[in-house]
Structure formats: structure tokens, C-alpha cells
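The values are calculated or read from the model by the stated rules, or taken from the named source; none is laboratory data. Model, not experiment: these values are computed from the prediction. We place every Cβ from the backbone using ideal geometry, glycine too, and count neighbours over all the protein chains shown. Surface areas here come from the heavy atoms of the whole protein model, side chains and all, with no ligands, DNA or RNA. Shrake-Rupley method; radii C 1.70, N 1.55, O 1.52, S 1.80 Å.
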Amino acid sequence: MTTRFTRMRTAGTMLVAGILLAGTAACGSGSASSASSDEKKVGFLIHNMTGNAWLAAAADEMTTSGKENGINVTVIDGRGDISQMISTINDFTSQGMDAIVIVPPDEQSLAEPVKRAMERDIPVMAFSLDLSDEVGLTSFIGANEIEIGRGLGELAAEAMGGKGALAEQTGVLGSTAQLGRSDGLREALKDFPDIEIVESQPDNWLQDKTVSLTQDWLVKYGPGELKALVSHGPQVTAASVIAKSKGREDIKVIATDYPEEVRKAIQSGELYGAIAQFPRAMSDAAIKEIKTHFDGGKMAPEVLVPIEKITKENVNEISAAY
């Protein structure tokens with residue numbers, strides 16, 4: 001099985017510049033403005049928006065950018081329920097949506113309803129997280145997950161002086177983000193044989209799980225025994241606060257994503273750095289591709305939005321992504 005996080009297509013891949021836009025908004029189980037008869041309709045299914053400001057920012061920008069382009073976007077929160085997500089895609093199909101965008105929970109769970117939608121000539125785009133290539137999606141918008149992982153490894157090696165024990169907190173197991181970032185991290189660390197990954201556990205991008213894991217590791221590993229904590233998400237800022245409160249400033253903490261709280265934590269020194277990806281830029285890129293399709297053109301099979309490595313050296317020059 002192949003997925004887009006393991007390779008970059010040699011043809012049809014586009015890179016778009018990161019666009020930093022201000023403001024966030026949370027979405028409930030569904031939101032959309034009233035569609036006029038001449039507006040195109042897009043269904044946007046997100047696997048779980050609970051406590052996820054990154055996805056809230058993406059949803060907010062998708063609806064705003066869509067409205068600016070004459071596209072009515074309906075956002076549905078799957079709330080982590082696979083059955084509900086499958087039903088939502090089936091509903092989008094029966095309602096005659098002109099396009100469907102999904103943030104899937106994993107590579108396979110939504111494959112069948114997506115295939116049914118595409119059999120009805122409805123284009124389906126994966127956003128940020130992908131399905132397996134065998135599904136044959138119309139397009140993918142996101143970041144290069146392996147590059148994110150490599151960036152995490154490079155920052156960790158720099159922070160650790162090239163040696164010591166490292167702990168990894170991943171996102172949802174089996175998601176393309178978790179798989180790609182974990183692979184990229186290990187690729188980068190091949191150049192640093194004196195660094196050992198002693199822990200790798202999922203926090204599912206949830207702060208309470210992050211806190212629980214961090215507390216356990218602070219008990220398990222004494223001062224000097226754990227040199228870095230690398231996270232696949234931004235919620236690790238809570239871990240940095242806990243470590244500091246326990247006098248464990250020997251542990252360097254590195255995040256993925258770049259909300260305002262991560263920016264402030266890097267400025268204060270609580271975080272060593274972060275790999276930033278930009279949800280609003282991804283949403284703008286998605287709407288651009290969808291509008292190209294509606295105007296009679298062809299969507300790019302893959303659009304990758306560049307990432308940015310953030311440390312104390314450049315944090316004051318780069319605004320928060322959301």
C-alpha cells in the first residue's frame with residue numbers, strides 16, 4: 001500500500017507559498033451559509049474537531065474563502081465516529097454536493113463511501129490527512145509529512161547536541177500524519193547514532209493525554225536521563241509547562257504546528273522550537289483547486305503547502321499560523 005506521505009509525485013505536484021491570515025473560529029457539528037441557486041456546494045467533513053484549533057482555523061478559512069469565490073461550504077464534524085463520517089459522505093453524495101473535501105481519521109475507513117461519491121462524478125479531495133493511493137482521490141492538499149518529521153529530528157538533534165535519549169508523542173496512530181512524521185523523524189536521526197528514541201506513544205493530539213504521558217515520563221526518567229520531547233502537535237506546550245514546574249529544564253521540548261501559544265512559548269524559551277504548517281494557506285489552496293475544477297479546469301493531483309522551521313532565531317519575524 002502506498003500513500004502520499006511516502007513519496008512526492010513526479011508530475012502534478014504543486015507547491016504554494018504559506019499565507020498567514022489572522023483569526024480563528026470553532027465549528028460545531030455542521031455550519032454553512034444559505035446557498036443561492038447559482039452557488040456551487042462543497043461538503044467539508046473533518047474527522048474530529050474536538051479541542052483542535054488548527055482544524056477550526058482550516059474550517060473557518062475554507063468557508064470564508066469559499067464564500068469569496070461563490071462556493072457554499074458546509075462543514076461537518078465527524079466527532080471521531082467512523083459510522084457518522086461514512087453517513088456524512090453518503091449524505092453529501094445524495095445531496096448532490098458539487099465537491100467533497102475530507103480530513104480522514106486514517107487511510108482506509110472512509111474509502112468505500114469516497115469511491116461511491118467519485119462513481120457519481122463528484123470530485124473528492126483529502127485535506128491535510130490522506131487516504132491510501134489505491135482509493136484514487138481527485139486531489140490532496142497538505143504538507144509533506146516526512147519533511148515535517150525530518151524537521152522535528154533536525155531540531156531535536158540541534159537541541160540535544162547530537163546525543164541522548166528522546167521521547168516522541170505522536171498523533172492518531174495509523175493516520176498519514178503520524179506515519180509520515182514518525183518515519184521522517186527516524187530518517188533524520190540516522191545521522192545521529194548517539195540519539196536513542198526511548199519512548200514513542202500516541203497522545204492523539206489531545207492535551208490531557210499529553211499531560212498524562214509527560215507526567216509518567218518525568219517519573220520514569222530522572223534528571224539528565226531524557227534530553228528531548230518531540231511532539232506531532234502543538235498541545236505539547238502543556239508538557240513544557242509541567243517539565244519546567246518540576247525543575248526539568250534539561251528536557252528540550254519541540255512542537256509541530258504554530259499557534260500563538262507555541263509562538264509565545266518559543267519566545268519565552270519554554271519550547272526549543274516548532275515545525276509550522278499553515279491551515280489557512282491550505283484552505284485557500286483547496287478552494288483555488290476546487291474553483292479551477294468548477295471553471296472547467298483540472299485539479300492538481302497534489303498541492304503541498306511549504307512548512308517552516310521556527311526557533312528563537314526567527315520567531316519574532318514569523319506571525320503565528322492561527
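Just a few scattered comments:
- Protection proxy ranking of 138-147, 82-91 - average other beta-carbon atoms within 10 Å, highest first: 138-147, 82-91
- Accessible-area composition of the chain, carbon plus sulfur, in percent [1.4 Å probe]: 47 percent
- Separation of the GLU308 and LYS246 label points, Cα + 7 Å toward Cβ, nm: 3.2 nm
- Residue list for the range 58-80, given a label point 7 angstrom along the Cα-to-Cβ vector of ASP295 and an amide N cut-off under 12 Å: 69-70
- Using a cutoff of 8 angstrom between alpha carbon atoms and counting only pairs six or more residues apart, the relative contact order for the range 216-315 works out to 24 percent.
- Heavy-atom surface of the chain, accessible at 1.4 Å and reported per residue (Å²): 41 Å²
- Segment GLN215..SER319, full-extension length gain: 34.4 nm, with 0.36 nm per residue of separation and the alpha-carbon distance subtracted.
- FRET E, pair ASP191, ASP38, Förster distance 51 Å, beta-carbon r, rounded to 0.05: 0.35
- Loop GluC sites (Glu not before Pro), the range 267-317, which have at most 13 other Cβ atoms in a 10 Å radius of their Cβ (DSSP): GLU313
- Computed per residue of the chain from DSSP H runs no shorter than four, each worth -39500 (n - 2.57), the mean residue ellipticity at 222 nm is -11500 deg cm²/dmol.
- Counting only residues at least eight positions apart within a chain, or on another chain, the lysines with an alpha carbon under 17 Å from that of LYS264 are LYS244, LYS252, LYS309, LYS312.
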